[in-house]
Structure formats: C-alpha cells, structure tokens
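Scroll down for the structure; my scribbles are underneath it.
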Amino acid sequence: MKLIESPQTETNPELLDDWFSLMGNWEQLVRLFTNLIGNALRYTPENGKVEVELMRVEITNRSLLQIKVKDNGIGIPSEALPRLFDRFYRVDPARSHGSGNTFTKNTAGSGLGLAICRAIIENHQGIIKIASSLGEGTTVTVSLPIILES
Ligand SMILES: Nc1ncnc2c1ncn2[C@@H]1O[C@H](COP(=O)(O)OP(=O)(O)OP(=O)(O)O)[C@@H](O)[C@H]1O
Ligand SMILES: [Mg+2]
C-alpha cells in the first residue's frame, strides 16, 4: 500500500490528521476494497504484483480520495470492458485456470463483485474507471468524495 502524502505546503493540523478520511458506510467500503483487491489477486499469477495506492485530490473545488488497485495479471479484453459491471458477467470462466495465487485460483467467482462495487460507489457519489490490456494487467481507479452532497 502506497500513501501519497499531503503536500509540505499544507499546515492545518486538523486537515493533516484527516488527510485520508472520508464520510461513508464502513461495511460497504470494506466490501468495495475487498472485492477490488480480491479481483487483482484472483486474476494475477502467483509471481505477479498487486499494488494499492491512496491519494487525496482536489477536482473542481471538491476533495476526493482516489484509490488505485493495480495488477500485472491476465488483463481484460477491450470488448469485455463495457460489460464488467453487469451482474453475473465473467469474461471467460475457463481462463482463470492455472492463474491466480494458491489462495484464490480454485475459487470460481460469481460475476457479482464489480456490480456490487458499482452500487457502493454510486451510494458514495463516486466514480470507478477500469483500464486494462490483455496479458499485461489491470488498473482500477476509484474516486470518492470526502464529503457527501445532500
Ligand atoms: N483485476 C482483474 N484482472 C482481470 N480480469 C478481471 C479483473 N477484475 C475483474 N476481472 C474480470 O471481470 C469479471 C467480473 O468481475 P467480478 O468481480 O464482477 O466477478 P468475479 O470476480 O468473476 O466473481 P465475484 O467477484 O462475484 O466472486 C471477472 O470474472 C473477470 O473476468
Ligand atoms: Mg470479483
């Protein structure tokens, strides 16, 4: 896990204490990151790499936490990208055979993980983007506002 620290120019102690805090539903957010990191582990061979990065960003006067989950696993074909968030959609159930680490390689998914992630992100007024190349890996970027707008 890589934390991109606050800039040296930021001096407000309260803000610095809460630099990586946000308003949200704890259980849902745990589920969100369990699903995303679980995918990265499941679709990446044993000697591969999974990185998680956390950064606070300001976009049009709104503060957001941006979380990236990056793997160098099997990747996703571009034609599958638009369907990833569909319930029960899986790219090709056979292709994860032989990949994945010992913990996840024999456990078939249900294709619900990303649909659940999208619902949780919508609840938190956030956005999710998935960039991937087949055979090279996948980067999932989630941006969540720190304060929810009513
Ligand atoms: N990091 C990733 N690398 C490669 N393929 C991925 C990755 N994340 C998701 N996918 C592809 O997207 C499909 C949908 O993912 P999703 O998390 O919704 O379902 P699942 O992992 O198959 O099952 P579940 O999450 O319900 O256990 C997966 O079946 C897989 O083909
Ligand atoms: Mg999954």
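Looking at the chain only, what percent of DSSP beta bridges run antiparallel? Nearest 5 please. Display every interim value, and only then the final one.
Working: 25 of 27 bridges.
Beta bridges within the chain, antiparallel portion: roughly 95 percent.
Using only alpha carbon pairs under 8 Å that are at least six residues apart, calculate the relative contact order of the chain and give it in whole percent.
Numbers: 259 pairs, mean separation 43.7, N = 150.
Rounded, it is 29 percent for the chain.
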Check your understanding: Mind checking which of Asn61, Asn123, Asn72 has the largest fluctuation in a GNM of the chain, springs on alpha carbons under 10 Å?
Key -> Asn61
Practice item. With a cut-off of at most 12 other beta carbons within 10 Å, and DSSP calling the residue loop, which chymotrypsin sites (Phe, Trp or Tyr not before Pro) in the stretch 1-67 qualify? Please list them. Key: none
Exercise for review: Considering the options Asn25, Asn47, Ile130, tell which one lies farthest towards the positive end of the dipole of the chain, charges being +1 on Lys and Arg and -1 on Asp and Glu at the Cβ, about the Cα centre.
Suggested key: Asn47
Review point. Whole-Hz Karplus ³J(HN,Hα) for the stretch 54-61, in order, using 6.51 cos²θ - 1.76 cosθ + 1.60 and θ = phi - 60°, x for Gly and Pro?
Key: 10, 9, 9, 10, 10, 10, 6, 6
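Provide Met55, Met1 in ascending order of the number of other Cβ atoms located within 10 Å of each residue's Cβ, fewest first.
Arranged by neighbour count, lowest to highest, Met55, Met1 become Met1, Met55.
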Exercise for review: Could you tell me, in Å, what Rg and Dmax come out for the Cα atoms of the chain?
Suggested key: 16.5, 52
Check your understanding: In degrees from 0 to 90, rounded to the nearest 10, what is the angle of the helix 26-42 Cα long axis to the longest principal axis of the chain?
Key -> 40 degrees
**Study point:** Nearest 10 degrees, 0 to 90: helix 113-123 Cα axis against the chain principal axis
**Key:** 20 degrees
Exercise for review: With a cut-off of at most 14 other beta carbons within 10 Å, and DSSP calling the residue loop, which GluC sites (Glu not before Pro) in the stretch 11-67 qualify? Please list them.
Suggested key: Glu46
Exercise for review: Arrange the following residues from fewest to most other Cβ atoms within 10 Å of their Cβ: Val140, Val52.
Suggested key: Val52, Val140
Exercise for review: In debye, nearest 20, what is the charge dipole magnitude of the stretch 2-145 about its Cα centre with +1 on Lys and Arg Cβ and -1 on Asp and Glu Cβ, if you could check?
Suggested key: 600 debye
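Where a number appears in this text, it was derived from the coordinates with a stated rule and is not lab data. None of the values given here were measured: they were computed from a predicted structure. Positions of Cβ are generated from backbone atoms using ideal geometry, with glycine treated the same way; all protein chains shown enter the neighbour counts.
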